[in-house]
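For reference, the structure discussed in these notes is given below.
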Amino acid sequence: MSESIKGMHRTNRCTEVTSEFIGQQVTLMGWVQKRRNLGSLIFIDLRDRSGLMQVVFDEPKTGSEGFKKAGELRSEYVIAVTGTVQKRTAAINPNLKTGDIEVIAEDLRIFSEADTPPFPIEENINTKDELRLKYRYLDLRRPDLQRNLMLRSRVCSVVRNFLSEEGFLEIETPILQKSTPEGARDYLVPSRIHQGSFYALPQSPQLFKQLLMCSGFDRYYQIAKCFRDEDLRADRQPEFTQIDMELSFVEAEDVMDVNERLLARIWKEIMGQDITLPLPRMTWQEAMDRFGSDKPDTRFGMELVDVSEIAAGSGFGVFEGALEAGGSVRGINVTGQGSMSRKQIDKLVEEAKGIGAKGLAWLALGDDGAVKSSFAKFISEEKIQELIRAMNASNGDLLLFAADRNKIVWEVLGALRLSLAKRLELIDESRYDFLWIVDFPLFEWSDEQGRYLAMHHPFTMPREEDVAIMNTDKKGEARAEAYDIVLNGTELGGGSVRIHQADVQEEMFKALGFTSEEAHERFGFLLDAFNFGVPPHAGLAYGLDRLIMLMAKTDSIRDVIAFPKVKDASDLMTDAPAAVDEAQLDELGLTLKQK
């Protein structure tokens, strides 16, 4: 029989009670984690979001009615207990925050009973994700997930406090806005009043935060919900959260400075660690050449080496064909893995093909210096030795080579580098390596669309010296005033200086293939605002979910979001998305097309 809370007030959470409370009366409320009935004594582990407290029911102190109720308790019953704190005389648990004290119960109320949960409410359980997400409200009772969400809350508080001190204003921007399809797919919302027209959910607050700069607000931030209708990965969700900011009258250096200090504040207050400032920087080109990625993990070596000059005269058709097509030949040295079996190497070759390579050339050095290779018979001994020296290889090493267009070579070797480092446990998981990536290309070529696209967005400022080549055959060489902040191989956030000059913006639209009419159709409200005086401005946005994922040292952002979606963007708990009534469709003037 459920009881009322009337007249009873919680005095503390479980782990707020310490040995200093011995002899004092407390009232605790929470969930029953476990019950142990020893006949004359009943022990309950009481759980709330702070942790566990052992509660002891002794019939002379609890009373016969209370003792009888305690015997009926089961896992996940919600209860309140009033009792006196005492020092444990036995079963002291040094691994528990309250392991040296207990509460001797004097009053018990059962607020609600509970069915047996479909899985244990414990840390690190080996339960299928589908089951956990179907019963997410139970999953969220687990201490590890609760710690993650409390960490998220604390980080948001630090962010708000820091940015407020720095003169930023927290301003909300619209969720229902105009679709500007450039990049990922929009989530569309049909309008009932304007039938046949649609709102879009924001992929970011980009245009509105630039308008706020036009409005004179100077420094804006928002912890903003964003939406992208794209394929999901471990670090992606259809709806996600950004720490979004924009600043007026600044250069890139100003944005990077304030964000370095923000990260230092977060790490100091939350992680108890000092970050050395300024953070290191690396150009996009150097990152790609050394690590095959614009978000490199610098906690370990195994860097890419360009051996194109040696390969050019090798006589090996695979190498020379790639070079003749304008590509490159690069390799990585997997130190100490020269004894890897042929079966294991073949798996690496298949992995490379799965990423996009036509194949993978390899050369293994035995401990005695003997060479085994997939291409030794096509190349001279002299060239083999040149490659070994260029790769700084020693006896016992394994060399892997990719030959193709630069983009494919970077992707293949960059991915293999990460895969091998995890497999061989080369990564120091205790390290936090921050890195700025700068000097991004302004444009990237899309094979699918057959044209250049903006690597960031159409409002990113080109480097001043590269404005002149934006609409020439050298446009692919133009660089952006853009910067990404990377942590341990994950892009935490990205930003750029924005275009505020009308003539440069026109050149940018022209370079992207927009006519003046098309540009105004998509972005007219922003361009009109720019006619009334716009300050130089720049900004940056972090992926809050990714940030918390890295701080919590979990592999998936689903572990730091209260109610996440699965890979097909559905919610297993609520069964969303779901069909709607015909009447609702009629109101919107919509008819579904059957596929």
- Residues of the range 283-294 being surrounded by fewer than 19 Cβ atoms within 10 Å (Cβ to Cβ) and not charged (D, E, K, R), in sequence order, are T283, Q285
- In this structure, does R47 turn out to be out of contact with any Pro (no Cβ under 6 Å at 6 or more places or on another chain), open to solvent by less than 80 Å² (accessible area, probe 1.4 Å) and not hydroxyl-bearing (S, T, Y)? yes
- Considering only helices (runs of 4 or more DSSP H) fully contained in the range 499-588, which possess at least 2 residues that are of a type in the set (A, V, I, L, M) and farther than 30 Å from K128 by Cβ? 502-511, 516-530, 582-588
- Item | Pairs where the first residue, in the range 576-595, is in contact (Cβ under 8 Å) with a residue 40 or more places away in the chain and the second is not aliphatic (A, V, I, L, M), C-beta under 7 Å, 6+ apart | E587/R192; L588/P190; L588/R192; L588/Q195; G589/Q195; G589/G196; L590/P190
- Task: Among residues belonging to the range 235-272 that are of a type in the set (F, W, Y) and open to solvent by 10 Å² or more (accessible area, probe 1.4 Å), point out the one that is modelled with the highest pLDDT.
- Result: F249
- Query: Just wondering, is there one or more residues in the range 334-348 that are crowded, with 21+ Cβ neighbours inside 10 Å and either within 20 Å of N395 (Cβ to Cβ) or not aliphatic (A, V, I, L, M) (or both)?
  - Reply: yes
- Message: Out of the residues in the range 16-43 meeting the condition of being part of a strand (DSSP E or B) and under 15 Å from I104 (Cβ atoms), tell me which one is most open to solvent (accessible area, probe 1.4 Å).
- Response: Q25
- Note on the structure: Contact list, first residue from the range 239-251 and within 13 Å of G167 (Cα to Cα), second anywhere and open to solvent by less than 20 Å² (accessible area, probe 1.4 Å) and in a loop (DSSP other than H, G, I, E, B), beta-carbon distance below 6 Å, six or more apart or interchain, is S248/P535
- Query: Which residues, counting only those in the range 273-282, are part of a loop (DSSP other than H, G, I, E, B) and either exposed (fewer than 14 other Cβ atoms within 10 Å of the Cβ) or modelled with pLDDT under 95 (or both)?
  - Reply: Q273, D274, T276, L277, P278, P280
- Item | Residue among L133, L108, L140 that alone is of a type outside the set (G, A, S), open to solvent by less than 70 Å² (accessible area, probe 1.4 Å) and either modelled with pLDDT under 95 or farther than 30 Å from K69 by Cβ (or both) | L133
- Could you tell me whether the range 557-573 includes any residue that is open to solvent by 70 Å² or more (accessible area, probe 1.4 Å), at negative phi and among the aliphatic types (A, V, I, L, M)? no
- Note on the structure: Of the residues in the range 224-234 that are closer than 19 Å to L540 by Cβ and open to solvent by 40 Å² or more (accessible area, probe 1.4 Å), the one that is modelled with the highest pLDDT is K225
- Message: Take the conditions of a type outside the set (S, T, Y) and more than 30 Å from A569 (Cα to Cα) and apply them to K97. Does it pass?
- Response: yes
- Of the listed residues (K353, K372, K358, K377), the one being without any contact (Cβ under 8 Å) to a residue 40 or more places away in the chain, within 32 Å of the chain's Cα centre (by Cα) and open to solvent by 70 Å² or more (accessible area, probe 1.4 Å) is K353
- Message: Given the condition closer than 30 Å to W445 by Cα and surrounded by 11 or more Cβ atoms within 10 Å (Cβ to Cβ), answer yes or no: does some residue in the range 574-591 qualify?
- Response: no
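Yes/no per residue for (1) closer than 28 Å to L424 by Cα; (2) touching a residue at least 60 places away in the same chain (Cβ under 8 Å):
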{"residue": "F316", "(1), (2)": "no, yes"}
{"residue": "A325", "(1), (2)": "no, yes"}
{"residue": "D346", "(1), (2)": "yes, no"}
{"residue": "W362", "(1), (2)": "yes, no"}
{"residue": "D367", "(1), (2)": "yes, no"}
{"residue": "G396", "(1), (2)": "yes, yes"}
- Residue check: is L169 within 26 Å of K69 (Cβ to Cβ) and among the hydrophobic types (A, V, I, L, M, F, W, C)? no
- Task: Looking only at the range 60-79, count how many residues are more than 22 Å from R142 (Cβ to Cβ) and under 50 Å from the mean Cα position of the chain (by Cα).
- Result: 8
- Query: Here is a list of conditions, (1) at pLDDT below 95; (2) in contact with a helix residue (DSSP H, G or I) (Cβ under 6 Å, 6 or more places away or on another chain), and T89 meets all of them except one; can you say which number that is?
  - Reply: (2)
- Filtering the range 184-220 down to residues that are open to solvent by 30 Å² or more (accessible area, probe 1.4 Å), more than 23 Å from Q237 (Cα to Cα) and either out of contact with any strand residue (DSSP E or B) (no Cβ under 9 Å at 6 or more places or on another chain) or of a type outside the set (D, E, K, R) (or both) yields R192, I193, H194, Q195, G196, S197, L211, C214, S215, G216, F217
- Please indicate, with yes or no, whether at least one residue in the range 84-96 is over 39 Å from the mean Cα position of the chain (by Cα), within 28 Å of L140 (Cα to Cα) and open to solvent by less than 30 Å² (accessible area, probe 1.4 Å). no
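The values are calculated or read from the model by the stated rules, or taken from the named source; none is laboratory data. Predicted model only: the values in this text are computed from it and were never measured. Note that we place each Cβ from the backbone using ideal geometry, even for glycine, and neighbour counts take in every protein chain shown. When the accessible area is computed, the model is the full protein with side chains, heavy atoms only, and any ligands, DNA or RNA have been set aside. Shrake-Rupley method; radii C 1.70, N 1.55, O 1.52, S 1.80 Å.
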